[in-house]
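Below is one structure, written out as structure tokens; the observations come after it.
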Amino acid sequence: MGKKCFLVAGLGVGVTLLVLWLVGVFNSGVIQPGRVVPTRPVEEPALTDQAEIIVVPVMYEAVGTIRPKTETNIEAQVTGKVLTVLVRAGDKVSKNDKLIVLDSRGFQTRLESAEQGLKSAEASHRQAGEAINAAKAASYTATSTWKRMKTLFDSKVATLDELDRVEAQYLQAKAYLAQANDGLAAASAGVKQASKAVEEAQINLGYTTISANTDGEVAKRMVEPGDIAFPGKSLMLIQTSGSLRLEALVREGVIGKVRPGVKLSVEVQALGERTVGIVEEVVPSADPSTRSFLVKIGLDPIPGLYPGMFGRLLVPLREKEVVVVPVHAVSRVGQLETVLIKNGEVWDPVYVRTGNVYEDKIEILSGLRGNETLGMTALEAGGESK
């Protein structure tokens, strides 16, 4: 145990001394861009090239997230206990596919009760119809008797008492007919109300089976069997397949260069891909906390591109001159970068500092001025061609 502690302590001291030595070397200026690497002479390289000065755009990078153009939030229309969830995140679904099943027993009971109410209302309607038929018959008889008695009274055959008695029966039959009409109208309204109750109960029962309203892919599932679903609670997210875009935040000083219809470069770091997207929408209101605008850029389908991935929107601001060399002209030894350049009749490796990559060229931030002749072989000091 003591030997192990001694070895660990010795390694720690060694690492510390190495770090201090490296810091001293860098601070002393021994390693700096443009300085010749102290090494033995380098042989004539097999291939040569030139350091170029080119004009490239200065880009503003706005970070964002890949999102689907259409994302459907699945919610329950009624409150109920979740019995079954038929899909998981990543599953493909088609329109009208069943997603979630809720406990429907209470809604089934309400439907049966509403159907019984409808049957009762229909029976009352039939009774009201029979009553109005009887009232019409009685009214017809009473009207005929009253007319005949009035004719007899006018002919001095019937007395006034007989006419009054018949007229009272006529008025009573007429009142019964009006009452029967009111009863039929009320029974009709009752049937209509009961029918609506049945329709509502059927709709609510249908809501206990939640189905997809579009073709797509389940992006997120937020419910499990046994949970309580209710209106306003998100249960699942479904995204349409194939339609993705980058939603990025662009600061207010640059937003003038980002307009709907403009084509801009989009970089997806996880895929190592750079593509061109079209600005579809610029939300015309800045976030007061970040002073930035939400910009939505439509993207063409890219294999392996999924919602939620990190992306960058590249907005050109201006142009600048940079020195570039072929990527394979740069060699590395650890974190040190070097290129082989021709000085007169000899070839010297010099330290450089690199920047952005432009296709098969890499930017040299410092160490070269441009137009130098480059050797395309790696350093013999164990350098690895980049």
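The values are calculated or read from the model by the stated rules, or taken from the named source; none is laboratory data. Here the structure is a predicted model, which is why all the values come from computation and not from measurement. So basically every Cβ, Gly included, is an ideal-geometry build from the backbone, and we count neighbours across all protein chains shown. Note: accessible area is taken over every heavy atom of the protein model, side chains too, but ligands, DNA and RNA are not part of it. Shrake-Rupley method; radii C 1.70, N 1.55, O 1.52, S 1.80 Å.
If you go through segment 60-112, how many residues are of a type in the set (S, T, Y) and in contact with an Asp or Glu (Cβ under 8 Å, 6 or more places away or on another chain)?
Residues in segment 60-112 being of a type in the set (S, T, Y) and in contact with an Asp or Glu (Cβ under 8 Å, 6 or more places away or on another chain): 2 in total.
Restricted to segment 53-70, and to residues that are at pLDDT below 90 and among the charged types (D, E, K, R), which residue is farthest from L365 (Cα to Cα)?
Within segment 53-70, the match that is farthest from L365 (Cα to Cα) is K69.
Enumerate the pairs (first residue in segment 272-291 and more than 17 Å from V315 (Cβ to Cβ); second residue anywhere and in a strand (DSSP E or B) and open to solvent by less than 70 Å² (accessible area, probe 1.4 Å)) with beta-carbon separation below 8 Å, excluding pairs fewer than 6 apart on the same chain, so at least 6 apart or on different chains.
Matching pairs, first to second residue: E273/E267; P284/F293; S285/F293; D287/F293; D287/L294.
Examine segment 134-156 for a residue that is buried (at least 18 other Cβ atoms within 10 Å of the Cβ) and among the hydroxyl-bearing types (S, T, Y), and state whether such a residue exists.
Yes, segment 134-156 has at least one match.
When both residues are 6+ apart or on different chains and their Cβ atoms are under 7 Å apart, which pairs have a first residue that lies in segment 74-87 and is in a loop (DSSP other than H, G, I, E, B), and a second that is charged (D, E, K, R)?
Cβ pairs passing all conditions: A76/K233; L86/K98.
Only one of R259, R274 is open to solvent by 60 Å² or more (accessible area, probe 1.4 Å) and modelled with pLDDT of 90 or more; which?
R259
Please work out which one of (1) modelled with pLDDT under 80; (2) part of a helix (DSSP H, G or I); (3) open to solvent by 70 Å² or more (accessible area, probe 1.4 Å) is the condition Q127 fails and give its number.
Tallying (1) modelled with pLDDT under 80; (2) part of a helix (DSSP H, G or I); (3) open to solvent by 70 Å² or more (accessible area, probe 1.4 Å), Q127 fails exactly one: (1).
Filter segment 141-195 down to residues that are in contact with a Leu (Cβ under 7 Å, 6 or more places away or on another chain), at pLDDT below 80 and assigned to a helix (DSSP H, G or I), then give me how many there are.
3
Going through segment 253-273 one residue at a time, which ones are in a loop (DSSP other than H, G, I, E, B) and among the aliphatic types (A, V, I, L, M)?
V254, V258, V262, A270, L271
Go through segment 307-358 and give me each residue that's polar (S, T, N, Q), crowded, with 18+ Cβ neighbours inside 10 Å and under 25 Å from E61 (Cα atoms).
Selection gives T354 alone.
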